[in-house]
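Read-outs: derived from the displayed coordinates by stated rules, not from any lab. Computed from a prediction, not measured in an experiment: that's the story for all the values here. Backbone-built Cβ (ideal geometry, glycine too); neighbour counts: all protein chains shown.
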Amino acid sequence: MIAGLALLIHSLRRTRVFMLAMVGLVAGVQVLFVLAAESLQQFSAFERIALLFPDFVRQLLGSSLITVMSFRGIACLGYFHVAIVAVLVGMTIAIATEPAAEVETRFLDFVLAHPVSRQWIVFRSILLLMGCVAVVVTAMLVSTRAALHWLAAPENSRAVFDVVPLLSLNLAAILICWGSIAMVPAALVHRRSVAVGIAGFLAAASYITDLVSQVWQPLRGVARLSPFHYYNALNLITGNADPGRDLLVLACIAGVCFILASLLFCRRDL
């Protein structure tokens, strides 16, 4: 137990600079989005910007374009922007594949020479993943609420306050889900780059599949296998999503992958 906690503290120290950079990034981005939303609202520019989108983008987004081109949509853009979500998913994959990195660097030989069980190594990674996700998403939530309070007009901020906690909770769920998926190959391979590559490919393929399924109906059945299918921030903003069901599905995927990763890591040949 004490050795396992020492291992967790060691992992936290190794990721502290990375996490500080991520916290600063998401907090700064959300402040900028709120500033942009307030500026566009003051000049009534949302409708004019919507007209600049090509026809195929309008068809792809449909009624969601109205949601995006509003104060609420721009202020919450960080919760569903492709670049931000990709960076955060990459962060979780990097954290979750730490066991593979420890095998590759032979650090695990030193760890297992002490009274530390293999279950604790995986459990350490699970705790580290969930803790880092909680810190980043909380920073995102706090920065959004603070920016709305100090930079936006009261009538505008009230339209966003109620949806931000729900967006944060669902964002944390999808990040933990992808971290758990990345932990499965990390429990099998001997190189971190291989685990990251597998998880990154699955994440990209899942996102593209879910995106294309919105305009190509034959792909909608396959898209249900994608974790991104159960995180649709635009529907959360408009109130058309079922957050309870989506959270349950993502939690079940994460739980199954965590258990599978633990079983595989305990049985593997090191």
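Results, tabulated for the structure shown:
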| item | result |
| --- | --- |
| Members of region 14-24 found to be touching a helix residue (DSSP H, G or I) at 6+ places or on another chain (Cβ under 9 Å) and either closer than 25 Å to residue 124 by Cβ or of a type in the set (Lys, Arg) (or both), listed by number | 14, 15, 18, 19, 22, 23 |
| Within region 147-183, considering residues that are in contact with a Lys or Arg (Cβ under 8 Å, 6 or more places away or on another chain), of a type in the set (A, V, I, L, M) and part of a helix (DSSP H, G or I), the one nearest to residue 230 (Cα to Cα) | 164 |
| Any hit, region 120-131, residues being over 23 Å from residue 236 (Cα atoms), of a type in the set (D, E, K, R) and assigned to a helix (DSSP H, G or I) | yes |
| Candidates 237, 259 - the one that is within 24 Å of residue 83 (Cα to Cα) and either among the β-branched types (Val, Ile, Thr) or surrounded by 18 or more Cβ atoms within 10 Å (Cβ to Cβ) (or both) | 237 |
| Qualifying residue in region 198-210 (condition: surrounded by 16 or more Cβ atoms within 10 Å (Cβ to Cβ) and farther than 20 Å from residue 94 by Cα) | yes |
